[in-house]
Amino acid sequence: MATPLVAGLAALVRQHLVDQRGHATPSGALIKAFLVNGARMEPGQFSGEIPPPPAGTDTPAQNSVCGFGRVDAADSLTPGKLTRALFADDPSYAVETGTHNTFQVQVIDTAEPIKVTLVWTDAPAAAGTGG
């Protein structure tokens, strides 16, 4: 039942972006970023089922057992205590192989964590190129 749940939440995220954030044509990558950024890691049913958190943190990271975690509508649409949720979904930010973009972010409260999610859409390859 995960697929219909995530599909329904993706539709809600898209509607939120269009109606509340004024984004007329959100990309699939932007919708995925909202879903991934709001996901919550699950502890697992059995001891040792989920890989341990990275050193220096108590939060499990994305892994091959539970992916990015369980989608969470509230945290995807209104992320926790965040006062700002910024996104860049303009096609002019696109990069090609070997190029990069840099974004500067000013942290307002260093006592609070900053969460950054990078998601992209690969451009289609020419037919028959296997790229």
Legend entry - Tilt relative to the chain, helix 2-19 - C-alpha long axis, 0 to 90 degrees, to 10: 60
Legend entry - Accessible surface of the chain, 1.4 Å probe, proportion on carbon and sulfur as whole %: 56
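About the Cα centre, and with charges only on the beta carbon of Lys, Arg (+1) and Asp, Glu (-1), how big is the dipole of the chain? Nearest 20 debye, please. Display every interim value, and only then the final one.
Working: 8 positive and 12 negative charges, 37 e Å.
Here the chain has a charge dipole of around 180 debye.
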Legend entry - Among VAL119, VAL18, VAL65: highest mean-square fluctuation, GNM of the chain, C-alpha pairs under 10 Å: VAL65
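Enter the accessible area per residue of the chain (Å², integer; probe 1.4 Å; all protein chains in place).
78
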Legend entry - For the range 33-44, 3J(HN,Hα) per residue [Karplus equation, 6.51 cos²θ - 1.76 cosθ + 1.60, θ = phi - 60°, Hz, x = Gly/Pro]: 4, 5, 5, 5, 5, x, 5, 10, 6, 9, x, x
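Quick one: length gained pulling LEU12 to ALA88 fully straight, 0.36 nm per residue minus the C-alpha distance?
Numbers: separation 76, 0.36 × 76 = 27.36 nm, distance 1.92 nm.
So the extension gain works out to 25.4 nm.
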Inset, instruction - Mind telling me which of GLY48, GLY38, GLY22 comes out most flexible in a GNM of the chain, alpha-carbon contacts under 10 Å? - result: GLY48
Inset, instruction - Go through the range 111-124 residue by residue and turn each phi into a ³J(HN,Hα) via Karplus (6.51, -1.76, 1.60, θ = phi - 60°); whole Hz please, and just put x for glycine and proline. - result: 7, 9, x, 10, 10, 10, 10, 10, 9, 9, 10, 6, 5, x
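From the mean inverse distance of alpha carbon pairs (Kirkwood) and the Cα radius of gyration, derive Rg over Rh for the range 1-123.
On the way: Rg = 16.0 Å, Rh = 16.4 Å.
Result for the range 1-123 is an Rg/Rh of 0.98.
The values are calculated or read from the model by the stated rules, or taken from the named source; none is laboratory data. Here the structure is a predicted model, which is why all the values come from computation and not from measurement. Note that we place each Cβ from the backbone using ideal geometry, even for glycine, and neighbour counts take in every protein chain shown. Accessible surface is based on the protein model in full, side chains and every heavy atom, while ligands, DNA and RNA are left aside. Shrake-Rupley method; radii C 1.70, N 1.55, O 1.52, S 1.80 Å.
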